[in-house]
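Q: My structure is below; once you've seen it, I'll send some questions.
The values are calculated or read from the model by the stated rules, or taken from the named source; none is laboratory data. Quick caveat: nothing in here was measured; it's all calculated off a predicted structure. Please note: Cβ atoms are built from the backbone with ideal geometry, for glycine as well, and neighbour counts cover all protein chains shown. The protein model used for the area step is the full one, side chains on, heavy atoms only, and it has no ligands, DNA or RNA in it. Shrake-Rupley method; radii C 1.70, N 1.55, O 1.52, S 1.80 Å.
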Amino acid sequence: MTDPLRRSLPLTSRPGNGILFRRNGESIAVGRFLADVAALAARLPPRTHALNLCADRYNALLAFAAALSRGQVVLLSSDRSERRLAEISAAYPDLALLVDAEIEAVRGEAPWEPPPGAIRVAPLAIPRPDGPNPRIPLDQVAVIGFTSGSTGRPAAHPKTWETLVAATVAAGERFGLQGGADIVATVPPQHMYGFETTIMLPLHVPTTSHAGPCFYPVEVAEALHAAPGPRVLVSTPLQLRALLGAGTAMPPIEAVISATAPLDPALAAAVEAGWNTRMLEIYGATEMGSIASRRTLEGDCWTLYRNVSLRQAKDMPDGTEALVEGMAAPVPLADAVELKEGSQFRLLGRRTDIVKLGGKRASLASLNRILLGIPGVEDGVFAVPEDLDRNPSARLAVFAVAPGLTAEAILAALRREIEPVFLPRVVTLVPALPRDAVGKLPRAALEGLRRQVAGLA
């Protein structure tokens, strides 16, 4: 008979006095956390799924851990819009909704009131020193993450407890976190990248997460200054650009980690020089989680985590798939890659990222990097018209956030860098792009911006 302990792992492998979180000036140890988990789990209704909408990062950890200990599958979505909540509720009707006890406005969103029946999450008013450490079956589906919707409607991707823990331990080893680190993040805990680095890591690697908020540069700097260190900043290319541009003084930072899109080497160099740190990147996707890393300035090769391997996809001659510990089936990569010796590979670009015009090819990612490299352009994107494949006269468009620049100046700068066939027919200046919390542009949001601009024309 199989020993059930061999087919399960504890919620946390940290000792009871290990510090998991810093919240409102308080250091929260493992024992206190487990007591909070037990108290919340006792309040949860019997449901198959739980939607974790907590913005406070410690509350998000409590919501995840309590639901997991009750055998519920936790849904990760940072989109709190009425439309998205209706979609999720329709797909998962036996659903508990978990929200912060104190609702704060999320940056860039209208005031939000949770639906009736939402469960308010908060630490115990009177802290208890200890609680049970539940064991979770390895094959239990722990979370379902959703893609950003940048290429269509968000798609659901389940992760087992085994997959999450294996990736967490591998990431801790890769980034040398076994000796301890304080993590401050600008990404939400509901995004798979933020979930892995700030929710899962403290459970199984001796790191301490900051509960937040960390949106404005001054908030990030204050959180880093308050952390005893060694300090690690978890962010995205768009947010790093804003942090550097603000010029806010930073304390010593051991490392900066970025994900969601490959980092421009020039930005990586500016981060390393400006903050005297190491600029590291994670490669992954919601479908499979994080699988590889690199130090940007050391070259364009990525090194796989020890729990991952790549191989040529059996049903796609030009495709690659990842074999990830704990996942039942290989995961196709959205990117074209060049496999190198050992555990390394190079990214060649998204297979769906290539634009063909006038018999020529260009990568949208490359075009966007050129646009963002223009001095004075704070944000911007090349947009592909829907009729590009069937309309010979169709051309790309550009939306740009560039206070102080004219559309003509941006077009002139692009003309010096890219071939004429890829020049935008129009450059539209906008106050901001409708990016999500990790800097991605969902297709629906970009289409909404197109319609809005067309209506004003």
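Q: Of the residues in segment 391-444, how many are closer than 25 Å to R153 by Cβ and basic (K, R)?
A: Final tally of qualifying residues: 3.
Q: Shifting gears a bit: Give me the residue from segment 332-348 that is closer than 16 Å to G299 by Cβ and not in a strand (DSSP E or B) and, out of that set, most open to solvent (accessible area, probe 1.4 Å).
A: So the residue we want is E341.
Q: Restricting the search to segment 276-331, which residues are assigned to a loop (DSSP other than H, G, I, E, B), of a type in the set (S, T, N, Q) and in contact with a strand residue (DSSP E or B) (Cβ under 6 Å, 6 or more places away or on another chain)?
A: If the condition is that a residue be assigned to a loop (DSSP other than H, G, I, E, B), of a type in the set (S, T, N, Q) and in contact with a strand residue (DSSP E or B) (Cβ under 6 Å, 6 or more places away or on another chain), then T277, T286 are the ones that fit.
Q: Go through (1) in contact (Cβ under 8 Å) with a residue 24 or more places away in the chain; (2) over 19 Å from A167 (Cα atoms) and name the single condition Y283 misses.
A: All conditions are met except number (2).
Q: Moving on. When segment 396-407 is examined, which residues are found to be surrounded by 16 or more Cβ atoms within 10 Å (Cβ to Cβ), part of a loop (DSSP other than H, G, I, E, B) and of a type outside the set (G, A, S)?
A: L396, L405
Q: Among (1) open to solvent by less than 50 Å² (accessible area, probe 1.4 Å); (2) in contact (Cβ under 8 Å) with a residue 40 or more places away in the chain; (3) among the acidic types (D, E); (4) under 26 Å from P202 (Cβ atoms), there is one condition E254 misses while meeting the rest; what is its number?
A: E254 satisfies all of (1) open to solvent by less than 50 Å² (accessible area, probe 1.4 Å); (2) in contact (Cβ under 8 Å) with a residue 40 or more places away in the chain; (3) among the acidic types (D, E); (4) under 26 Å from P202 (Cβ atoms) except (1).
Q: Follow-up question, since we're still on this one. Taking the conditions exactly as written (in the same structural domain as L238 (by TED's automatic domain parsing), open to solvent by 30 Å² or more (accessible area, probe 1.4 Å) and touching a Cys at 6+ places or on another chain (Cβ under 8 Å)), does R311 satisfy them or not?
A: no
Q: Tell me which of these P385 doesn't satisfy, since it passes every other one: (1) open to solvent by 50 Å² or more (accessible area, probe 1.4 Å); (2) assigned to a loop (DSSP other than H, G, I, E, B).
A: (1)
Q: While we're on this one: Which of the following residues is assigned to a strand (DSSP E or B) and either open to solvent by 10 Å² or more (accessible area, probe 1.4 Å) or in contact with a Ser or Thr (Cβ under 7 Å, 6 or more places away or on another chain) (or both): R14, R32, R22, R47?
A: Being assigned to a strand (DSSP E or B) and either open to solvent by 10 Å² or more (accessible area, probe 1.4 Å) or in contact with a Ser or Thr (Cβ under 7 Å, 6 or more places away or on another chain) (or both) holds for just one of R14, R32, R22, R47, which is R22.
Matching residues to (1) farther than 19 Å from G180 by Cα; (2) open to solvent by less than 20 Å² (accessible area, probe 1.4 Å); (3) part of a loop (DSSP other than H, G, I, E, B):
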| position | (1), (2), (3) |
| --- | --- |
| A39 | yes, no, no |
| A42 | yes, no, no |
| A55 | yes, no, yes |
| L62 | yes, yes, no |
| L68 | yes, yes, no |
| V74 | yes, yes, no |
| D79 | yes, no, yes |
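Q: Give L388, L441 a once-over and let me know the one that is outside the structural domain of G284 (by TED's automatic domain parsing) and without any contact (Cβ under 8 Å) to a residue 60 or more places away in the chain.
A: That would be L388, the only listed residue that is outside the structural domain of G284 (by TED's automatic domain parsing) and without any contact (Cβ under 8 Å) to a residue 60 or more places away in the chain.
Q: Working carefully through the options D379, D436, find the one that is of a type in the set (D, E), crowded, with 17+ Cβ neighbours inside 10 Å and at pLDDT below 90.
A: D436
Q: Quick one: is S8 of a type in the set (S, T, Y) and touching a strand residue (DSSP E or B) at 6+ places or on another chain (Cβ under 9 Å)?
A: When the stated conditions are applied, S8 passes them.
Q: Being over 21 Å from the mean Cα position of the chain (by Cα), modelled with pLDDT of 95 or more and part of a loop (DSSP other than H, G, I, E, B) is the requirement here; does P252 meet it?
A: Yes, satisfied.
Q: For segment 257-267, does any single residue satisfy the condition of being open to solvent by 40 Å² or more (accessible area, probe 1.4 Å) and at pLDDT 95 or above?
A: The answer is no; no qualifying residue exists.
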